[in-house]
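Participant: Take a look at the following structure, please.
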Amino acid sequence: MQTPFTHETSLRRWRDLLVGSLLGLAVALPGWAEGTLDKAKASGKLSIGYLADARPYSYTDAAGKPAGYAITLCTKVGEAVKAELKQPGLALDFVALPPNERFKAVADGKVDLLCGAIATLERRAQLDFSIPILLNGAGAAVRADAPVRLLQALVENPPAATGPTWRGSADQAPERRVLAVISGTTLERTLTDRLKQKRIVAEVVTVNDTAAGLQMLVERRADVFFSDRALLLDAVARSPSRGQLAVLDRLFKRELVSLAMRRDDGDFRLLVDRALSRLYRSGDMVPIYVSHFGVPDRSTLDFFQLVALPD
């Protein structure tokens, strides 16, 4: 005999449907939806993403292990996670990421922490960022035999400018220059916008990494290669063609570097900021900086004290 359809039956069916939908949604959501700390506790590891060719910030060394300034700080954060979870055996799983995939890897939960990124409004729509780990600056590399007019154009601008300006005499057409920059960086957009604003005659070409940019200089396919100045200094010093290259003293743009993590995970972000702040106030920060960048000046030391949050 068929059960009569009643109001109670209807409510029961709607309830079953709702419960089933919620269960299905729970299965479909990534495991990290519960929070990074819960995810790390359940999996027994904290996944940390980094760029393998961004020395001295992060790189893979000759032994195949992650190394660099940002790696050291991420390791300190990992130690703080171990202490918070009371799991000294928690594994720190470092994952080398392609530059164009690093932010998506964080947003998708493939890694829990990204060792070094510049926060922008566009990126903050997808990710959260820690307090800064460094104040860096964009520099320029040129050939050692670069024309005097090019060097004057790059060096003579006021320090407050955010990009280069090329000048020409009234009776001489400006010479077209080729400028190289790493694809997907904030510097690429800044440089392009600056050239348009100033109506500068130049062509911007993008490269995948520092080695490719320096090679373009050596082969005379580019006149200037713009990148992070600390990165340029390190790369030129190690390059077989270092005698053919020079890094200018000028900083074209200053940017804050932070650690990146998924959005809306306040507990994890608080832990990261607390670990960094305590490190900055301790005596351990100076030797870490020295080992990667040399002896810090007074302004650098003041910077770390300024960005450290009080307990």
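Participant: Among the residues of the range 280-288, is there at least one that is surrounded by fewer than 18 Cβ atoms within 10 Å (Cβ to Cβ) and touching a strand residue (DSSP E or B) at 6+ places or on another chain (Cβ under 8 Å)?
Facilitator: No, the conditions are met nowhere in the range 280-288.
Participant: Could I ask something else about it? Mind listing whichever residues of the range 212-228 are out of contact with any Lys or Arg (no Cβ under 6 Å at 6 or more places or on another chain) and among the aliphatic types (A, V, I, L, M)?
Facilitator: So the first thing to find is which residues in the range 212-228 are out of contact with any Lys or Arg (no Cβ under 6 Å at 6 or more places or on another chain), and the list is 212-216, 218-222, 224-228.
Passing the criteria: A212, L214, M216, V218, A222, V224.
Participant: Next question, about the same structure. Picking from D273, D265, D297, D302, which residue would you name as being closer than 17 Å to A70 by Cα and either free of Cβ contacts under 8 Å to residues at least 40 places away in the same chain or surrounded by 14 or more Cβ atoms within 10 Å (Cβ to Cβ) (or both)?
Facilitator: From the options D273, D265, D297, D302, the qualifying one is D273.
Participant: Can you tell me how many residues within the range 90-112 are crowded, with 17+ Cβ neighbours inside 10 Å and either assigned to a loop (DSSP other than H, G, I, E, B) or free of Cβ contacts under 8 Å to residues at least 12 places away in the same chain (or both)?
Facilitator: Qualifying residue count for the region: 4.
Participant: Further question: Name the single residue, out of those in the range 66-100 being among the polar types (S, T, N, Q) and in contact with a helix residue (DSSP H, G or I) (Cβ under 8 Å, 6 or more places away or on another chain), that is farthest from V257 (Cα to Cα). Please lay out each step first, then the result.
Facilitator: At the first step, the residues of the range 66-100 found to be among the polar types (S, T, N, Q) are 72, 75, 87, 100.
From what is left, the residues that are in contact with a helix residue (DSSP H, G or I) (Cβ under 8 Å, 6 or more places away or on another chain) are 72, 87.
Values: T72: 14, Q87: 29 Å.
The selected residue is Q87.
Participant: I need the helices (runs of 4 or more DSSP H) fully contained in the range 224-310, keeping only those with at least 3 residues that are at pLDDT 95 or above.
Facilitator: Qualifying helices (runs of 4 or more DSSP H): 266-281, 285-293, 298-307.
Participant: So, in the range 229-246, of the ones that are hydrophobic (A, V, I, L, M, F, W, C) and more than 22 Å from the chain's Cα centre (by Cα), which residue ends up surrounded by the fewest Cβ atoms within 10 Å (Cβ to Cβ)?
Facilitator: If we take residues in the range 229-246 being hydrophobic (A, V, I, L, M, F, W, C) and more than 22 Å from the chain's Cα centre (by Cα), then A237 is surrounded by the fewest Cβ atoms within 10 Å (Cβ to Cβ).
The values are calculated or read from the model by the stated rules, or taken from the named source; none is laboratory data. Quick caveat: nothing in here was measured; it's all calculated off a predicted structure. A quick note on method: Cβ atoms are made from the backbone with ideal geometry, for glycine too, and the neighbour counts reach across all protein chains shown.
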